[in-house]
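Trainee: This is the structure I want to talk about, given as structure tokens.
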Amino acid sequence: MDNTTILIQDLVKRYDKAETLALKGLNFHVERGEVFGYLGPNGAGKTTTIRIMAGLSRPTGGSCRILGKHTHANPALYNHLGVVFEESNLYERLSGWENLRFFAKLHGIPTTRARALLEQYGLEKAAKKPVNTYSKGMKRRLLICRALLHDPEILIMDEPTSGLDPTSASVIHRAINEFRQQGKTIFLSTHDMAEADSLCDRVAFINGGEIAALDRPQILKRRHGEPALIIEILPNTQDLEALQEAIPPDRITWHDESLQVRLPLDQVELGNLIDLVRTHGEILTIHSQEASLGQVFRDVTGAHLHSD
């Protein structure tokens, strides 16, 4: 049996009167039970892809199939698909319960399912309050409840933890892992590289409407990343110029009065460089750091993140 749930083939999207293509012939697939990360800078084509997958936009060329069916011509696919958008599109003046009850009736689902989801995601006490009184984390949990009402096989999640505090984000991370255990397919768009690294079976980096890299996180980190030794020192003022001449400037970062020096672990002269750093200041901390998806992001897209 074919294990592919999402199949993108030569997908092209050109908006009216646009001189450039938003998508330039994408090709990738997502397997059943997989958490698939979709990463890239703003304007790279992530939202355009998601809109096509959700049936909200028609491709200019190529195809997007979910469960073997074209997304733009099969409304029945909504029975198998749940979508959590980054921006809240809830009915703000209605309560959380009223929002879920409305969509439950729309799908012909017993309201007991809505009550169970509200309880599962810790919203039962706020269920009768207007959504416009909810925190951002509560709204995001309610969006997940709505997406799960009809027990879909596939979940598309667009920046589900964006702007959330760590506690709220951890609730959503646990939910994603539970979806995987249930055999659901999750298509996850995120800017959080640590989130993608910990949750995703495979990740695709899109840049300028094209797939720049696609593989398992560990493989991409080995291929593009750089494991390093991080040394923090309190430099000798008189030796500072000599140290800066010996170490490339992109490997030195100031932290108040201390310097952080990043030395690649695979560098041939690593031992000599460590001795050199030691002679130019007092070592405060020293530790190794594995390659990160943030480094992969910078390498394949040329863009920069605020943090890894």
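The values are calculated or read from the model by the stated rules, or taken from the named source; none is laboratory data. Note that the structure is predicted; figures quoted are calculated from it, not measured. All Cβ positions, even for glycine, are placed from backbone atoms using ideal geometry, and neighbour counts span all protein chains on display.
Trainee: Which one is modelled with the lowest pLDDT, of the residues in segment 223-256 that are within 27 Å of the chain's Cα centre (by Cα) and farther than 22 Å from Ile286 by Cα?
Mentor: His224
Trainee: Further question: Within segment 70-109, take every residue that is under 22 Å from the mean Cα position of the chain (by Cα) and charged (D, E, K, R) and give me the one that is surrounded by the most Cβ atoms within 10 Å (Cβ to Cβ).
Mentor: That would be Glu86.
Trainee: I would also like to ask the following. Looking at segment 148-194, which of the residues that are among the charged types (D, E, K, R) and farther than 26 Å from Thr112 by Cβ is farthest from the chain's Cα centre (by Cα)?
Mentor: If we take residues in segment 148-194 being among the charged types (D, E, K, R) and farther than 26 Å from Thr112 by Cβ, then Asp165 is farthest from the chain's Cα centre (by Cα).
Trainee: Identify, by number, the condition in (1) more than 22 Å from the chain's Cα centre (by Cα); (2) closer than 23 Å to Phe297 by Cβ; (3) of a type in the set (A, V, I, L, M, F, W, C) that Ala22 doesn't meet.
Mentor: (1)
Trainee: Here's something else I'd like to know. With the checklist (1) touching a Leu at 6+ places or on another chain (Cβ under 9 Å); (2) modelled with pLDDT of 80 or more; (3) surrounded by 11 or more Cβ atoms within 10 Å (Cβ to Cβ) in hand, flag the one item His287 doesn't pass.
Mentor: (3)
Trainee: Moving to a separate point now. Could you check segment 128-138 and list, in sequence order, the residues that are surrounded by fewer than 19 Cβ atoms within 10 Å (Cβ to Cβ) and either without any contact (Cβ under 8 Å) to a residue 12 or more places away in the chain or not in a strand (DSSP E or B) (or both)?
Mentor: The answer is Lys128, Lys129, Asn132, Thr133, Ser135, Lys136, Gly137, Met138.
Trainee: Let me ask something else. Could you list, ordered by first residue, the pairs with Cβ atoms under 6 Å in which the first is in segment 75-96 and within 19 Å of Ser162 (Cβ to Cβ) and the second is of a type in the set (Val, Ile, Thr) and surrounded by 15 or more Cβ atoms within 10 Å (Cβ to Cβ), at least 6 apart or interchain?
Mentor: Val83/Ile156; Val84/Ile144; Leu90/Val131; Glu92/Val131
Trainee: I would also like to ask the following. For segment 180-192, enumerate the residues that are of a type outside the set (D, E, K, R) and surrounded by fewer than 22 Cβ atoms within 10 Å (Cβ to Cβ).
Mentor: Gln181, Gln182, Gly183, His191
Trainee: Let me ask something else about it. I'm told Met157 meets every condition in (1) assigned by TED's automatic domain parsing to the domain that holds Ser198; (2) more than 22 Å from Arg51 (Cα to Cα) except one. Can you identify the failing condition by its number?
Mentor: All conditions pass for Met157, except number (2).
Trainee: For segment 168-179: of the residues being among the aliphatic types (A, V, I, L, M) and free of Cβ contacts under 8 Å to residues at least 40 places away in the same chain, which is surrounded by the fewest Cβ atoms within 10 Å (Cβ to Cβ)?
Mentor: Only one residue fits best here, namely Ala169.
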